[in-house]
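One structure below.
The values are calculated or read from the model by the stated rules, or taken from the named source; none is laboratory data. Since the model is a prediction, treat every value here as computed from it, not as a measurement. As a convention, Cβ positions derive from the backbone with ideal geometry for all residues, glycine included, and neighbour counts pool all protein chains shown. Note: areas computed on protein heavy atoms with side chains; ligands, DNA, RNA excluded. Shrake-Rupley method; radii C 1.70, N 1.55, O 1.52, S 1.80 Å.
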Amino acid sequence: ISGLFDSPPGSDDAKLIDIFYPGDQQSVTFGTKSRVGMGGMEAKVKAALWALQGGTSVVIANGTHPKISGHVITDIVEGKKVGTFFSEVKPAGPTVEQQAEMARAGGRTLAALQPEQRAEIIYRLADLLTDQREEILLANKKDLEEAENKGRLALPLLKRLSLSTSKLNSLAIGLRQIAASSQDSVGRVIRRTRIAKDLDLEQVTVPIGVLLVIFESRPDCLPQVSALAIASGNGLLLKGGKEAAHSNQILHHLTQEALSIHGVRDAVQLVNTREEVEDLCRLDKLIDLIIPRGSSQLVRNIQKAAKGIPVMGHSEGICHVYVDTDASVEKVTRIIRDSKCEYPAACNALETLLIHRDLLRTPLFDQIIDMLRVEQVKIHAGPKFASYLTFSPSEVKSLRTEYGDLECCIEVVDSVQEAVEHIHKYGSSHTDVIITENEKTAEFFLQHVDSACVFWNASTRFSDGYRFGLGAEVGISTSRIHARGPVGIEGLLTTKWLLRGDNHVVSDFSEHGSMKYLHESLPLPQRNAN
């Protein structure tokens, strides 16, 4: 038996109880006793409660189907979420399963609101970010002090953890942009077809359902993602890193305050229990989409742990800039400096610089190297680049490396075709750039590079929801199904089909039936001009 359920396991709506308290017996319906053995689950529960009273911890779990490491007893001793744990201490808040159910119910109410009501909530949240600025920055200061005292965060992560007045003002601007663009996101008709006389079909946009967003260090992610979920009518579960606990708490409180103006406070939930990420990834009946925001290691762990729940995101941001023979001297150093040095820890920062072979030992090449030295960028040489040099920088260990710091790899290619092939072999399908004045070469690159974002004469750092005019993003997706690139409101919607008929049955359309299929495309309703 997997543990204690609130009703017989074979019955509809039976839920596994993770933690059982002595006072919860009235909430459980016991089934009939087993035909084999000495008694049913009721006898097991009584035995467990008797042991609990004597000071012994008890777990009822299935020893034949361990769900985590393959060793059920080891998992239990290590405190993993396996079976039902009997405890005398009841936490104050709801369980994560209850929070997910609250988010789903709240999300459905949210989706049923008028578009302008959802926009009002987001405008209110934007106002609160600036009105309550001092409280937010005070909470953030606590997080920063704790992180510095414990010395557990590297400098790039401390920078991500830090909030400022300018960051909050930018957040508020982004949220207002989301509110303005969300007016016709949910319920938009994207296709109309007349199937037959008086039988019309519509395809309309609807929310995905319940989103689980797991993020590290960046508290500014919380209001951004909340606003996008509100705009798209989705319920939201948020799991932030403990290093940002104080910041996340105040930002979530303000989000719920904004949601309260239309009675949908429960639509956005912050998971405060010490829930392991792996446990959240198993809630496949409660969560429809997982969006990780953090290190490549976090994303890989979530992709591995998610059982039956789609994961939207990217595990690596290995972005390339290719400098073509026809590149402009003025543009090259500006674009490379911005791509690598503006924010080296970002997933859209340059990691590999591809140089056309004919540019080696030219003034342009010297300018690139000088600029990188001035900016204190550590250079790693690719194998071909190293072969041209008598004294080369350290040879790269792997051409598939995301440095996330003031480091980059330089490699040499013989043509734009070879640059494309290199990107396909070693890239992560995130963002790749060509610098050239040759339009034909540029168009070849734009059409042939198979990445989520492909740019001509522009910095990799433009790969961002806010810069794309999406208001904000829940992340950048490199997957090939559903959303790709920076994911805004549109990426958090799916569709459903609405068929309106009048006593229509399929048999009327048979060979000898009275009706014929028309399959006529109908005009779409006019979209809101605002």
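Projected label points at residue 494 and residue 362, each 7 Å from Cα along the beta carbon direction, are separated by 5.1 nanometres. Once the C-beta distance of residue 437 and residue 46 is scaled by a Förster radius of 51 Å, the resulting FRET efficiency is 0.05 to the nearest 0.05.
The packing ranking, built from the mean of other Cβ atoms within 10 Å per residue, places the peptides 117-123, 209-215, 188-194 in the order 209-215, 117-123, 188-194, highest first.
Using helices alone, I'd like the mean residue ellipticity at 222 nm for the chain: each DSSP H run of four-plus residues gives -39500 (n - 2.57), total over residue count, nearest 500. Rounded to the nearest 500, the figure is -11000 deg cm²/dmol.
At a Förster radius of 60 Å, what calculated FRET efficiency corresponds to the Cβ-Cβ distance of residue 519 and residue 417, to the nearest 0.05? Could the numbers behind the result be given before it?
Values: r = 43 Å, r/R0 = 0.72.
It comes to 0.90.
Bridging of residue 378 to lysines at a Cα separation below 26 Å is possible for 159, 331, 340, 397, 425, once same-chain residues fewer than 8 apart are set aside. Of the GluC sites (Glu not before Pro) found in the stretch 477-530, those that fall in a DSSP loop while having at most 12 other beta-carbon atoms within 10 Å are 511.
Within straight-line reach of residue 15, meaning a Cα separation under 17 Å, sit the following aspartates and glutamates at least 8 residues removed in sequence or on another chain: 6, 24, 42, 97, 101, 279, 284. Per-residue Karplus couplings for the stretch 217-234, computed as 6.51 cos²θ - 1.76 cosθ + 1.60 with θ equal to phi - 60°, are listed in order as 6, 8, x, 5, 5, 4, x, 4, 5, 4, 4, 5, 5, 4, 4, 9, x, 9 Hz, Gly and Pro entered as x. Every pair of different Cα atoms in the chain enters the Kirkwood calculation, which places the hydrodynamic radius at 26.6 Å.
For a paramagnetic label modelled on residue 78 (point 7 Å from Cα along Cα→Cβ), amide N atoms under 20 Å away belong, within the stretch 276-293, to 276-283.
Solvent-accessible area per residue in the chain equals 50 Å², computed with a 1.4 angstrom probe and all protein chains kept. Toward the positive end of the charge dipole of the chain, about the Cα centre and with charges on Cβ (Lys, Arg +1; Asp, Glu -1), which of 251, 47, 408 goes farthest? Result: 47, furthest along the dipole toward the positive end.
How large is the dipole of the stretch 319-470 about the Cα centre if only Lys and Arg carry +1 and Asp and Glu carry -1, each at its Cβ, rounded to the nearest 20 debye? Show your work: numbers first, answer last.
Values: 15 positive and 24 negative charges, 61 e Å.
So the magnitude is around 300 debye.
The alpha-carbon atoms of the stretch 319-470, seen along their principal axes, cover 47, 33, 30 angstrom, with the largest extent given first. Charge dipole (Cα centre; +1 on Lys/Arg Cβ, -1 on Asp/Glu Cβ; no other charges) of the chain amounts to roughly 960 debye. Separation of the stretch 273-307 and the stretch 366-434, taken as the distance between their Cα centroids, equals 33 angstrom.
Think of the stretch 378-503 as having a plus end and a minus end, set by charges on the Cβ of Lys, Arg, Asp and Glu; of 485, 431, 455, 485 sits farthest toward the positive end of this dipole. Against the main long axis of the alpha-carbon atoms of the chain, helix 41-53 sits at an angle near 80°.
Amide H contacts for residue 355 (H built 1.01 Å from N in the peptide plane; partners 5 or more residues away or on another chain; cut-off under 5 Å): 323, 411, 412, 413.
For the stretch 71-112, the Cα gyration tensor yields ellipsoid semi-axes of 31, 14, 6 Å (square root of five times each eigenvalue, largest first, whole Å). Protein heavy-atom surface of the chain, 1.4 angstrom probe: 51% of the accessible area is carbon and sulfur, with nucleic acids and ligands not counted. Straight-line cross-link reach from residue 516 at under 21 Å between alpha-carbon atoms covers these lysines, not counting any fewer than eight positions away in the same chain: 197. Simple spin-label estimate for residue 193 and residue 24 gives 4.8 nm between the two label positions (7 Å along the Cα-to-Cβ direction from each Cα).
Would you mind putting 498-506, 197-205 in packing order, based on average other-beta-carbon counts within 10 Å, highest first? Walk me through the intermediate numbers first.
Details: 498-506: 10.6, 197-205: 16.0.
Descending packing order for the listed peptides: 197-205, 498-506.
Summing charges over neighbours of residue 132, with a neighbour being any other residue whose Cβ is under 13 Å away from its Cβ, gives -3 when K and R count +1 and D and E count -1.
What dipole magnitude, in Debye to the nearest 20, does the stretch 96-305 give about its Cα centre under +1 on Lys/Arg Cβ and -1 on Asp/Glu Cβ? Display every interim value, and only then the final one.
Values: 28 positive and 27 negative charges, 119 e Å.
In total the dipole reaches around 560 debye.
Between amide H atoms placed 1.01 Å from N, distances below 5 Å from residue 270 occur with 238, all of them 5 or more places distant or on a separate chain. Computed from the C-beta positions of residue 173 and residue 71, the FRET efficiency with R₀ = 35 Å rounds to 0.10. Between residue 511 and residue 130, the modelled labels are 7.1 nm apart [label points 7 Å from Cα along Cα→Cβ].
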